[in-house]
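Trainee: Dumping the structure here so I can ask a few things about it.
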Amino acid sequence: MKTDRRWFAFLLLAMAVAPCGLAQEPGTPPPAGTGEIIIFNDSGKTLIPSNQKVTDNGKAFASLARQTYVKVAVPPGAHLLRPDPFLWKQEVRLTVEPGATHYVVVAYKPERSWALPAAGAPLMLKEISEAEASPLLREMKAQ
């Protein structure tokens, strides 16, 4: 009986931590009726490494260490991804269809920070194609 309560409490906690989607094991298809967003952290080397955090429609969505990626099953519909904290106004707007996969890269490029604004913002968040995502899937570690 105690095990059942603990399991139920664990499931409630897991749902609270991932309100917008469920992280998936690499190589598994998304659950029926959902889409999938794969987010890559392609940040350059920094003196003090930190995770890149992304929100979906204002809610915590992913926190990625450098050179890692995560696959998240999401409900169909509109999704607005932003870095957390929201700086430099980067955002990605997606309309997810059931069975569709979207690829998004977030990256902090420290070499750009000293040349701002000429080199662009040091933090990048953008959607990429499947062809651009394929080498990242091979090179990076699943989280």
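Trainee: Ranked from highest to lowest mean number of other Cβ atoms within 10 Å per residue, what is the order of the peptides 35-41, 102-108, 63-69? Each step should come with its number before you reach the end.
Mentor: Working: 35-41: 23.6, 102-108: 20.9, 63-69: 18.1.
Descending mean neighbour count gives 35-41, 102-108, 63-69.
Trainee: Label points 7 Å out from Cα along the Cβ direction at Ala100 and Lys53: separation in nm?
Mentor: Calculated label separation equals 2.8 nm.
FYI, it's all coordinate maths here, none of it is from the lab. In this text the structure is predicted, and so the values were computed from the model without any measurement. Don't worry about glycine lacking a Cβ; one is built from the backbone with ideal geometry, like all the others, and counts go over all protein chains shown.
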